[in-house]
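A.B. asks: Handing you this structure, nothing more for now.
The values are calculated or read from the model by the stated rules, or taken from the named source; none is laboratory data. No experiment lies behind these values; they were computed from the predicted model shown. Cβ placement follows ideal geometry from the backbone for every residue including glycine, while neighbour counts extend to all protein chains displayed. The protein model used for the area step is the full one, side chains on, heavy atoms only, and it has no ligands, DNA or RNA in it. Shrake-Rupley method; radii C 1.70, N 1.55, O 1.52, S 1.80 Å.
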Amino acid sequence: MTKYARIFQGTAFTSKTQKEVEILHNYLFCINASGIIEKIVSPEDVDYHTLLEAYEGEENFHRLDDGQYFLPGFIDLHVHAPQWAQAGTALDIPLYDWLNTYTFPIESKFSDLEFAENVYEDVVNTLLANGTTTALYFATVHKEASLLLAEICANKGQRGLVGKVVMDNPEQNPTFYRDATTQTALADTEEFIIAVKELAKTTKQGVYPVVTPRFIPSCTDDALKGLGELAAKYDTHIQSHCSESDWEHGYVQDRFQKNDAFALHDFGLLSKKSVMAHCNFLNDDDADLFAKTGTAVCHCPISNAYFANSVIPIAHLHSKGVEIGLGSDISGGFSPSLFDNARQAVMSSRMLEDGVNPSLPAEERGVPASRITINEAFYLATAGGGESLSLPIGRLAENYAWDAQIIDTKLATAKLPIFDESEDLNDVFQKIMYLVRPENIREVWIQGERVHSRK
Ligand code: GUN
Ligand code: FE
């Protein structure tokens, strides 16, 4: 019989489609030495009892307790790691003012590596404790501090995709916080890519360099072009902000006479490995371009409520074949939890569908067919994120990484309201998605390794 590194036994929830959740009731998950789910075995399978006999009682056999469930680890497609230091503040001012009066000053402090280490250690720990196993991070313009964030992810076992932020446009960025020149921005990015690729060789779960023009206003044409070339040369992921706010959208129209999507495409910045945050003002041509190039949208529902005063039409973009994942957008969004963001995604979609202007007749108030279910929000936080990154993560399925959260619904201090032992598991799943707090997340595993435990 194959020797597995670990076997887990228990009930798991994983996305089957964008709308359907599959329940794997009391299955075995057989993990190989690389941390990949090599085999999933149902209780009806002939191997089930043979495996149990071989592994039960061994140190590498893990059986869930009563009331515990597996979820895939969450994939946060948009985190500004340095902004953790200001999470929850200043959300009542517009994006442009928020960037200039709060965000750029705080990000400029990351030239200090000691300050950077304190914040980055804490944000990675916090995300792990909230069930986030993979995070796509914006760091700052500083090459050394950005590398430090990648090292912290590597050490803690989190699958971090990290970008040194590029902001070289002297017309849009303050003197105290920007790349010195376009040449240094590109040279630093290239050195950063090479260093993170080296670092990745020392990790099991992988860390990845990400080409990161902050957003079009931050960058000169030469930087955008150079970054597109670097992404192609090193086959990296790419991230930016796209069509986020009225102000930013208007700026790009004035500069290029086109929308962000087509401008980014002209610079080679839309690819299978691109993730664009927000995308509130994507029209149908932009969406078609995203679908054609394999570019993913990162939905940031909490942040959008504040900075875009907007809800992006997720259901419509899905119907056009665009890949979509979920992002916290710390600290444009205040919460480090993708549970919170999944909840907001559902609530915002209901408001988009039904509208809020009571003076209009009901049928004219909102955008029809916009609502998404909690199943779809779960998909965004898991499988949708994995597909957006083109990585085998986000599902508890064969050939995917064992990235998992163990949820305890019976914890004395944070019990979920489950009173019937035979409650339908679909209902248990919904209670988990709506009511879980960090206390209920007992363990987090990434690539077959335990990275967080509350025991
Ligand atoms: N656009 C450019 N930079 C930022 C940022 O830090 N946060 C958000 N939400 N939007 C941005
Ligand atoms: Fe952002």
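A.B. asks: Restricting attention to region 226-245, and to residues there that are free of Cβ contacts under 8 Å to residues at least 40 places away in the same chain and out of contact with any Phe, Trp or Tyr (no Cβ under 7 Å at 6 or more places or on another chain), which single residue is farthest from ligand 2 (Cβ to nearest atom)?
C.D. replies: Looking at residues that are free of Cβ contacts under 8 Å to residues at least 40 places away in the same chain and out of contact with any Phe, Trp or Tyr (no Cβ under 7 Å at 6 or more places or on another chain), I get LYS233.
A.B. asks: Further question on the same structure: Output the residues belonging to region 302-313 that are away from ligand 2 (no atom under 13 Å from the Cβ) and either open to solvent by 10 Å² or more (accessible area, probe 1.4 Å) or closer than 13 Å to ASP76 by Cβ (or both).
C.D. replies: ALA305, ASN309, SER310, VAL311, PRO313
A.B. asks: If you go through region 204-248, how many residues are away from ligand 1 (no atom under 16 Å from the Cβ) and either open to solvent by less than 30 Å² (accessible area, probe 1.4 Å) or among the hydrophobic types (A, V, I, L, M, F, W, C) (or both)?
C.D. replies: Residues that pass the stated criteria total 11.
A.B. asks: Filter region 314-332 down to residues that are closer than 23 Å to VAL123 by Cβ and in contact with a Gly (Cβ under 8 Å, 6 or more places away or on another chain) and give me whichever is surrounded by the most Cβ atoms within 10 Å (Cβ to Cβ).
C.D. replies: GLY327
A.B. asks: Which pairs turn up if I take residues in region 50-63 that are under 15 Å from ASN26 (Cα atoms) and look for partners that are open to solvent by less than 80 Å² (accessible area, probe 1.4 Å) with beta carbon separation below 6 Å, at least 6 apart in sequence or on another chain?
C.D. replies: LEU51/LEU28; PHE61/ILE7; PHE61/TYR55; HIS62/PHE8; ARG63/GLN9
A.B. asks: Can I ask one more? Please go through region 151-181 and give me each residue that is within 21 Å of the chain's Cα centre (by Cα) and more than 23 Å from ALA381 (Cβ to Cβ), ordered by number.
C.D. replies: Passing the criteria: GLU151, ALA154, ASN155, LYS164, VAL165, VAL166.
A.B. asks: Which count do you get for residues in region 381-402 that are in a loop (DSSP other than H, G, I, E, B) and either open to solvent by 10 Å² or more (accessible area, probe 1.4 Å) or more than 12 Å from THR134 (Cβ to Cβ) (or both)?
C.D. replies: Result for region 381-402: 10.
A.B. asks: What number goes with the only condition from (1) among the acidic types (Asp, Glu); (2) in contact with a helix residue (DSSP H, G or I) (Cβ under 9 Å, 6 or more places away or on another chain); (3) part of a helix (DSSP H, G or I) that ASP254 does not pass?
C.D. replies: Just one mismatch for ASP254, condition (2).
A.B. asks: State whether one or more residues within region 208-220 are more than 22 Å from THR134 (Cα to Cα), within 16 Å of ligand 2 (Cβ to nearest atom) and not in a helix (DSSP H, G or I).
C.D. replies: Taking every residue of region 208-220 in turn, at least one turns out to be more than 22 Å from THR134 (Cα to Cα), within 16 Å of ligand 2 (Cβ to nearest atom) and not in a helix (DSSP H, G or I).
A.B. asks: In this structure, does LEU71 turn out to be surrounded by 15 or more Cβ atoms within 10 Å (Cβ to Cβ), among the hydrophobic types (A, V, I, L, M, F, W, C) and at pLDDT 95 or above?
C.D. replies: yes
A.B. asks: Another one. Looking at region 250-270, is at least one residue under 28 Å from ASN100 (Cβ atoms), open to solvent by 10 Å² or more (accessible area, probe 1.4 Å), modelled with pLDDT under 95 and within 15 Å of ligand 2 (Cβ to nearest atom)?
C.D. replies: no
A.B. asks: Hey, another quick one. Tell me the helices (runs of 4 or more DSSP H) entirely within region 1-114 that contain at least 3 residues that are among the hydrophobic types (A, V, I, L, M, F, W, C).
C.D. replies: 47-55
A.B. asks: Which condition number in (1) touching a strand residue (DSSP E or B) at 6+ places or on another chain (Cβ under 7 Å); (2) more than 16 Å from ALA296 (Cβ to Cβ); (3) of a type in the set (Val, Ile, Thr) is the one that ILE216 fails?
C.D. replies: (1)
A.B. asks: Yes or no: GLY57 open to solvent by less than 30 Å² (accessible area, probe 1.4 Å), at positive phi and out of contact with any helix residue (DSSP H, G or I) (no Cβ under 8 Å at 6 or more places or on another chain)?
C.D. replies: Judged against the criteria, GLY57 is not a match.
A.B. asks: Still on this structure: Filter region 134-149 down to the residues that are polar (S, T, N, Q) and either within 16 Å of ligand 1 (Cβ to nearest atom) or farther than 30 Å from ALA404 by Cβ (or both) and list them by number.
C.D. replies: THR140, SER146
A.B. asks: Could you give every pair whose Cβ atoms fall below 9 Å, whose first residue belongs to region 334-363 and is in contact (Cβ under 8 Å) with a residue 40 or more places away in the chain, and whose second residue is open to solvent by 60 Å² or more (accessible area, probe 1.4 Å) and aliphatic (A, V, I, L, M), counting only separations of at least 6 or pairs across chains?
C.D. replies: PHE339/LEU435; LEU352/VAL367
A.B. asks: Report the residue count in region 333-351 for those that are over 26 Å from LEU391 (Cα atoms), open to solvent by less than 40 Å² (accessible area, probe 1.4 Å) and either within 16 Å of ligand 1 (Cβ to nearest atom) or within 15 Å of the chain's Cα centre (by Cα) (or both).
C.D. replies: Counting residues in region 333-351 that are over 26 Å from LEU391 (Cα atoms), open to solvent by less than 40 Å² (accessible area, probe 1.4 Å) and either within 16 Å of ligand 1 (Cβ to nearest atom) or within 15 Å of the chain's Cα centre (by Cα) (or both) gives 1.
A.B. asks: Out of the residues in region 84-105 that are within 22 Å of GLU171 (Cβ to Cβ) and open to solvent by less than 30 Å² (accessible area, probe 1.4 Å), state the one that is modelled with the lowest pLDDT.
C.D. replies: So the residue we want is LEU95.
A.B. asks: Quick one: would you say PHE334 is at pLDDT below 95, of a type outside the set (Asp, Glu), closer than 18 Å to LEU77 by Cβ and within 16 Å of ligand 2 (Cβ to nearest atom)?
C.D. replies: Spelling it out, it is not the case that PHE334 is at pLDDT below 95, of a type outside the set (Asp, Glu), closer than 18 Å to LEU77 by Cβ and within 16 Å of ligand 2 (Cβ to nearest atom).
A.B. asks: Which one is nearest to PRO213 (Cα to Cα) among residues in region 283-301 that are outside any helix (DSSP H, G or I) and more than 16 Å from ligand 2 (Cβ to nearest atom)?
C.D. replies: Per the criteria, the residue is THR295.
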